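In what follows, a single structure is set out as structure tokens and then discussed.
The values are calculated or read from the model by the stated rules, or taken from the named source; none is laboratory data. All figures in this text were calculated on a predicted structure; none of them were measured in a lab. All Cβ positions, glycine included, derive from the backbone under ideal geometry; neighbour counts span all protein chains shown.
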Amino acid sequence: MAGEFCANHPDRPTALRCNKCAKPICPGCALHTPVGYRCPQCVRGQQAVFETAHWYDYVTAAATALVLSGLAGVLLSRLGWLLIFLAPTAGGALAEVVRRIVQRRRGRYLPHTVVAAMVLAALPALSLWMLLYVGLAGAAVFARLRGSLM
Ligand SMILES: [Zn+2]
Ligand SMILES: [Zn+2]
């Protein structure tokens, strides 16, 4: 078999390839990811892309969600059934504000942080409407922020 050799180990023949950059890699180098085998260089590069948020982005994102979501929750929970239509919109708007405040930097746990802050903000004025608001708006925020990570 006129095989190829690992890009990192020229003495090791291999049939594996990184499924991103198509570089030949030996089983010792190949990293198993949810999308297939990748070389260490590609995996490292990808992590750098995913995680660009600074630690203070988490703090400002949480603080923003705490204040804005707290206010929106109190306002919307007075509107009765209208809340069901307005909460996802409010969540989408909140996600946009957060994205702008962190200057579109990406953090893997940023969506979780924002939703946790929303839950926290709802606690002082907890009611059935507030729970409904947090559920609907929280899902919208999570989906929007998660989507912007891809
Ligand atoms: Zn690669
Ligand atoms: Zn190798």
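Residues of region 72-93 being assigned to a helix (DSSP H, G or I) and among the polar types (S, T, N, Q), which ones?
Once the filter is applied, which keeps residues that are assigned to a helix (DSSP H, G or I) and among the polar types (S, T, N, Q), region 72-93 yields only 89.
Surrounded by fewer than 20 Cβ atoms within 10 Å (Cβ to Cβ), more than 19 Å from the chain's Cα centre (by Cα) and more than 13 Å from residue 66 (Cβ to Cβ): does that describe residue 123?
Values: surrounded by fewer than 20 Cβ atoms within 10 Å (Cβ to Cβ): yes; more than 19 Å from the chain's Cα centre (by Cα): yes; more than 13 Å from residue 66 (Cβ to Cβ): no.
It is false that residue 123 is surrounded by fewer than 20 Cβ atoms within 10 Å (Cβ to Cβ), more than 19 Å from the chain's Cα centre (by Cα) and more than 13 Å from residue 66 (Cβ to Cβ).
Closer than 30 Å to residue 10 by Cβ and either free of Cβ contacts under 8 Å to residues at least 12 places away in the same chain or touching a His at 6+ places or on another chain (Cβ under 6 Å) (or both): does that describe residue 26? Lay out the reasoning, then the answer.
Numbers: closer than 30 Å to residue 10 by Cβ: yes; either free of Cβ contacts under 8 Å to residues at least 12 places away in the same chain or touching a His at 6+ places or on another chain (Cβ under 6 Å) (or both): yes.
Spelling it out, residue 26 is indeed closer than 30 Å to residue 10 by Cβ and either free of Cβ contacts under 8 Å to residues at least 12 places away in the same chain or touching a His at 6+ places or on another chain (Cβ under 6 Å) (or both).
Would you say residue 30 is small (Gly, Ala, Ser) and either out of contact with any Phe, Trp or Tyr (no Cβ under 6 Å at 6 or more places or on another chain) or more than 14 Å from ligand 1 (Cβ to nearest atom) (or both)?
Numbers: small (Gly, Ala, Ser): yes; either out of contact with any Phe, Trp or Tyr (no Cβ under 6 Å at 6 or more places or on another chain) or more than 14 Å from ligand 1 (Cβ to nearest atom) (or both): no.
Spelling it out, it is not the case that residue 30 is small (Gly, Ala, Ser) and either out of contact with any Phe, Trp or Tyr (no Cβ under 6 Å at 6 or more places or on another chain) or more than 14 Å from ligand 1 (Cβ to nearest atom) (or both).
Give me a count of the residues in region 1-30 that are more than 11 Å from ligand 2 (Cβ to nearest atom) and in a strand (DSSP E or B).
Final tally of qualifying residues: 2.
Report the residue count in region 94-111 for those that are assigned to a helix (DSSP H, G or I), touching a helix residue (DSSP H, G or I) at 6+ places or on another chain (Cβ under 8 Å) and surrounded by fewer than 21 Cβ atoms within 10 Å (Cβ to Cβ).
Number of matching residues: 4.
Is region 54-70 home to any residue that is over 17 Å from the mean Cα position of the chain (by Cα), within 16 Å of ligand 2 (Cβ to nearest atom) and either under 23 Å from residue 130 (Cα atoms) or surrounded by fewer than 18 Cβ atoms within 10 Å (Cβ to Cβ) (or both)?
No, because not a single residue in region 54-70 is over 17 Å from the mean Cα position of the chain (by Cα), within 16 Å of ligand 2 (Cβ to nearest atom) and either under 23 Å from residue 130 (Cα atoms) or surrounded by fewer than 18 Cβ atoms within 10 Å (Cβ to Cβ) (or both).
Mind checking whether some residue in region 8-18 is under 30 Å from residue 124 (Cα atoms), away from ligand 1 (no atom under 16 Å from the Cβ), of a type outside the set (Phe, Trp, Tyr) and more than 17 Å from the chain's Cα centre (by Cα)?
Of all residues in region 8-18, those under 30 Å from residue 124 (Cα atoms) come to none.
For region 8-18, residues under 30 Å from residue 124 (Cα atoms), away from ligand 1 (no atom under 16 Å from the Cβ), of a type outside the set (Phe, Trp, Tyr) and more than 17 Å from the chain's Cα centre (by Cα): absent.
Hey, any hits in region 42-49 for a residue that's outside the structural domain of residue 143 (by TED's automatic domain parsing), within 16 Å of ligand 2 (Cβ to nearest atom) and in contact with a Lys or Arg (Cβ under 8 Å, 6 or more places away or on another chain)?
yes
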